[in-house]
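Let me begin by presenting the structure, written as structure tokens, before commenting on it.
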Amino acid sequence: MAKYNPNVVEKKWQEFWAKNKTFEAKESNKKKYYVLEMLPYPSGNLHMGHIRNYTIGDVIARYKRMCGFDVLHPMGWDAFGLPAENAAREKNTHPAKWTYSNIENMKQELKQMGFSYDWDREVTTCKPEYYKWEQWLFIQMFKKNMAYKKLSYVNWCEDCQTVLAAEQVEKGCCWRCNSKVKQKELSQWFFKITDYADDLLLHCDKLEGWPQEVLTMQKNWIGKSIGASIKFQIQDREEEIEVFTTRPDTIFGATFMCIAPEHHLTSVLSKNNDNVKKFVEKIIEQSRASRDVEQLEKEGMFLDAYCINPITKKKLPIYVANFVLMEYGTGALMGVPAHDQRDFDFAQKYNIEKIAVISPDGKEVDADTLEEAYSDDGILINSQNFNGLQNREAIEKICDYFEKEKIGKKTFNFKLKDWGISRQRYWGTPIPIIYCDKCGIVPEDEKNLPVVLPEDAVLSETNPLLDIDYFKKAKCPKCGNENAKRETDTMDTFVESSWYFLRYCSPNYNEGMLNSDEVNHWAPIDQYIGGVEHAVMHLLYARYFTRVLKDMGFVNFKEPFTNLLTQGMITKETFECPNCRYLFPEEVVKKGDKYICQKCGIEVVVGKKTKMSKSKKNVVSPKELTKQYGADTIRLFCLFASPPHKTLIWNEDGIEGQSRFINRVWNLIEKYRDDIDSEEVYKGDSDKLNSWSLELYQKINLTIKKVTSDIEKFSFNTAISSIMELVNFIYLIPDGEKETQETQVIKLAIETIVLLLSPIIPHFAEESWKLLGKESVTTDEKWPTFFKDAIKTDEHTLVIQVNGKVRAKLTIDSNLNEETIKELALNNVNVQKFIEGKEIKKTILVQKKLINIVI
RNA sequence: GCCGAAGUGGUGGAAUUGGUAGACACGCUUGACUUAGGAUCAAGUGCCUUGUGCGUGGGGGUUCAAGUCCCUCCUUCGGUACCA
């Protein structure tokens, strides 16, 4: 018997697919299906996370293809980004060279996995023919005021020497290099994503094909809160301070006013007092979202000014305080110490009066005895003619009063901020803007696009574009001024990934950004697949961009991803030596329960299971595994180990089993090949079948049913296990001479198994199909269907319970009536033991399942 | 703190949505074939005090019947955080 040799077979079929352009996406009269996996950053090699993601997508693509869809399944490269610059500096090369060579390498690895991509549609975001259209879109957005420039405090990473979007700051640290993020005032480009805040929020509830947890994260990120804005007149001055509050019902309890350090009134009211200045500078230095923010003590400074509570006319001291955020609301808040914990802490520290205005039961509360703020619902007290109202009701009434008196109004606020896209880095899309002394900010002439990123940059810690004179120097498109200056900031790389999925529909279109006909044919994406870590950033930006493009008339839909599958991370434990930092597993020796560092002999800390990453040295290379077992085994293993959405703790112990399964199927085909060769496939006239072949025939149909529904719901592990059951069943068929009909059923079983496996382990399926003497390829075959009649049986197992515990099982005729079943159950010997001499209170019969006798 | 997901054998994981807990696989045990087995095939494998026994993170509840529903507590993972 010839042993199955994956290395030879896989190469052969990969060449076959490439030569025949098997997976070229074509429009026909069939229904379309667009399946897409998030594109990779070309960091050097594929890692297990990629393999898991792309295997899932590939199974879906191949399955849908067999089901008769026109499938679009493309792949590309998210090729701009800081790691390329860092690597280039380290290795003394150019980011482009590094990136393109990584792409070549990873493309090779993808091909070795047998993924069914239409490579003719490959998109590489760092190529001028791609970013040209991004620049073009930027100009359109600029013209419509959707892209604008403003001076603002931004998150600044000193190590990366660049600005970070709010979404890219994790626990006060840079998402990329983990160093602490600072606040810095810079003039920056922004996209007005907040224009769509409401729409993005609203449609979360309409995305039925998305996981609930992702929608919740997006909703929380957009963070709409409803409340009121109220104006407080400053005493003896013209200005007013406007605050936003979600609790206008507590206004009678407001005893102080707090403004953010960056608030324009801070310097005005302090009259540039040095102490205040120093205080403000200190706070601005501190990161807003710093890790220890919770422990950070509330600090403030009295500005020696007062404002008037518009409803009580009470004089409120104005403070500048470190816990007030300029970015949220109006950058000012009314302090209600009795009903807000932060205000309470602040008032406690600075000895500010507390007034209780909400009480759980409507009874008087002594605010001075409170140990913490009461922030729950209740009944209004000390609130003049609003006393006695439920606070929810009071919010409405008080807002009405504000509006009548013109001191405030009902309003709402979003946590979502405009998307800052300027990056002071080289390896990104140049922002197509020119600064002219006469004309100001002028977009580049569309005829001059793309603004090509110069190749001869000398990389440094700062933005190298600043040093390239011919790039910086520009002619003003408006007045022709030769001494205008080009923008040297590049765009956040999330901009590229916000529309690449649309470009795949017309990847080589030169007349415009998108060919609307083709985009509207293929998109929206029927199934998008990627890591849950993109739940907020990428997916929100992509939804935003699609809206912008819809409003410009390029696409006829606003939600780009109809269905979303977020696959779980792959994690692995880390080894960390106190001296040498992270270690590879091979640098560690096990001694008893302990792990010792080979180099320095010190005990190693076995860290938590975290996402595989190069820096933590807990990556597993798919390359080695593929070499050893073949791509099919790795694909099978990724799918079988765990359901797609779950975090997968890496453990390759099971991998042998997957390779074993493939060989088991192969050996099965070899075993029956000669017998079934000349036979027809069984067509379904089941009355002539003997007991095992009838059972096999039923099993075949049940398996088709189960595998189909499992793949539809992405339950690949159970789909595979039911194919395994069918294989195991065939192994149990007694050896010896077989009748024609029996051989025909076995033939059907084997062919079905191969077809069902085709999307999962395609190389193996094609090779097996050939071994079965087929002219066609499984990729072009129809997905098997099952016959309802074949699944029907006239017998079933009846489970007999006594007081809810299983005591016996019987195989009975399904057509028996209730009385007979009861009698059978009660007369059963095993049951008798339990019910002898006991009174039977009642029996419950669940049709075709079980009977429970209650004694 | 808040929001979300989860907790089932030695391990990864099943369980038709309230109806036989542990499918399928890894590992382990035994046997067969073998010069050999880390190949292959077959059998077994939740636990124990072996019985009218126990068992799905702990405790309580609803039900003829609970991994599944309700209450409560605990743990783990993810997201988020001075958001007024």
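The values are calculated or read from the model by the stated rules, or taken from the named source; none is laboratory data. Here the structure is a predicted model, which means the values were calculated and not measured. No Cβ is skipped: glycine too gets one built from the backbone with ideal geometry, and neighbour counts run over all protein chains shown. Just so you know, the surface numbers come from the protein's heavy atoms only, side chains and all, with ligands and any DNA or RNA stripped out. Shrake-Rupley method; radii C 1.70, N 1.55, O 1.52, S 1.80 Å.
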Contour minus Cα-Cα distance for A:Lys3 and A:Asp345 (0.36 nm per residue): 115.7 nm
Rounded to the nearest Å, what's the spacing between the alpha carbon centres of the stretch A:428-445 and the stretch A:141-155? Just the number, please. 13 Å
Got a number for carbon plus sulfur as a percent of chain A's accessible area, 1.4 Å probe? 48 percent
Compute, for chain A, the length of the dipole vector about the Cα centre, with Cβ point charges of +1 (Lys, Arg) and -1 (Asp, Glu) only. Units Debye, rounded to 20. 580 debye
Taking r as the C-beta separation of A:Asn483 and A:Phe412 and R0 as 45 Å, the FRET efficiency to the nearest 0.05 is 0.45
State which entries of A:Lys182/A:Lys558; A:Lys788/A:Lys809; A:Lys206/A:Lys782; A:Lys277/A:Lys406 exceed 31 angstrom in Cα-Cα distance in the structure shown. A:Lys182/A:Lys558; A:Lys206/A:Lys782; A:Lys277/A:Lys406
Taking H as built 1.01 Å from N, whose amide H comes closer than 5 Å to the amide H of A:Trp77, not counting residues under 5 places away? A:Val123, A:Thr124, A:Thr125
Could you pull out every residue, at least 5 positions away or on a different chain, whose amide H is within less than 5 Å of the one on A:Leu850? Hs are placed 1.01 Å off N in the peptide plane, and Pro or chain starts have none. A:Val799
Excluding residues fewer than 8 positions from A:Lys271 in its own chain, the aspartates and glutamates with Cα under 19 Å of it are A:Asp236, A:Glu238, A:Glu239, A:Glu240, A:Glu262, A:Glu281, A:Asp304
Express the accessible area of the stretch A:495-600 per residue in Å², computed with a 1.4 Å probe while the remaining protein chains stay in the model. 37 Å²
How much length is gained on full extension from A:Asp674 to A:Asp159, taking 0.36 nm per residue of separation minus their Cα-Cα distance? 178.6 nm
Gap separating the Cα centres of the stretch A:635-679 and the stretch A:743-795, nearest whole Å: 15 Å
Set of lysines with alpha-carbon distance to A:Lys91 below 25 Å, sequence-local pairs under 8 removed: A:Lys107, A:Lys127, A:Lys614, A:Lys616, A:Lys617, A:Lys623
³J(HN,Hα) across the stretch A:468-484 via Karplus (A = 6.51, B = -1.76, C = 1.60, θ = phi - 60°), whole Hz, x for Gly/Pro? 9, 5, 5, 6, 5, 6, 8, 9, 5, x, 8, 10, x, 3, 6, 9, 6
Which lysines have a Cα less than 19 Å from the Cα of A:Lys3, not counting those fewer than 8 places away in the same chain? A:Lys11, A:Lys12, A:Lys627, A:Lys671, A:Lys770
What pairs in A:Lys683/A:Lys792; A:Lys231/A:Lys409; A:Lys150/A:Lys224; A:Lys149/A:Lys192 have C-alpha atoms more than 20 Å from each other? A:Lys150/A:Lys224
Just to confirm, what accessible area per residue do you get for the stretch A:711-822 at 1.4 Å probe, in whole Å²? 47 Å²
Rounded to one decimal in nm, the spacing of the 7 Å Cα→Cβ label points at A:Trp692 and A:Asn220 is 5.6 nm
May I ask you to compute the full-extension gain from A:Glu781 to A:Ile441, defined as 0.36 nm times their residue separation minus their alpha-carbon distance, rounded to one decimal in nm? 116.5 nm
May I ask you to order A:374-381, A:213-220 by the average number of other C-beta atoms within 10 Å around their residues, highest value first? A:374-381, A:213-220
What residues qualify as long-range amide H neighbours of A:Ile570, i.e. H under 5 Å apart, gap of 5 or more or another chain, H built at 1.01 Å from N? A:Met612, A:Leu648
Write down the percent of antiparallel bridges among all DSSP beta bridges whose residues are both part of chain A, to the nearest 5. 80 percent
XL table A:Lys315/A:Lys363; A:Lys473/A:Lys550; A:Lys21/A:Lys646; A:Lys699/A:Lys805; Cα-Cα > 31 Å flagged, in table order, is A:Lys473/A:Lys550; A:Lys21/A:Lys646
Accessible area expressed per residue, the stretch A:220-320, with surrounding protein chains retained (probe 1.4 Å, Å²): 47 Å²
Calculate how steeply helix A:716-731 sits against the longest principal axis of the alpha-carbon atoms of chain A, using the helix alpha-carbon long axis, and give the answer as 0 to 90 degrees to the nearest 10. 10 degrees
With axes computed from alpha carbons, what is the tilt in degrees of helix A:537-551 against the longest principal axis of chain A, rounded to the nearest 10 within 0 to 90? 80 degrees
Fraction of beta bridges assigned by DSSP in the stretch A:485-596 that are antiparallel (%, nearest 5): 55 percent
Value of relative contact order over the stretch A:345-419, rounded to a whole percent, pairs C-alpha under 8 Å and six or more apart: 19 percent
Run the dipole for the stretch A:288-401 about the Cα centre, Lys and Arg Cβ at +1, Asp and Glu Cβ at -1, nothing else charged, and hand back the magnitude in debye, nearest 20. 440 debye
On Cα atoms only, tilt of A:274-285 relative to the major axis of chain A in degrees: 10 degrees
Projecting the Cα atoms of A:Cys505, A:Ile750, A:Val8 onto the charge dipole of chain A, where Lys and Arg contribute +1 and Asp and Glu -1 at Cβ, the residue farthest towards the positive end is A:Val8
So how far, in whole Å, is the C-alpha centre of the stretch A:40-77 from the one of the stretch A:193-215? 25 Å
At 222 nm, what value in deg cm²/dmol follows for chain A if DSSP H runs of at least 4 each add -39500 (n - 2.57) and the sum is divided by all its residues, to the nearest 500? -11000 deg cm²/dmol
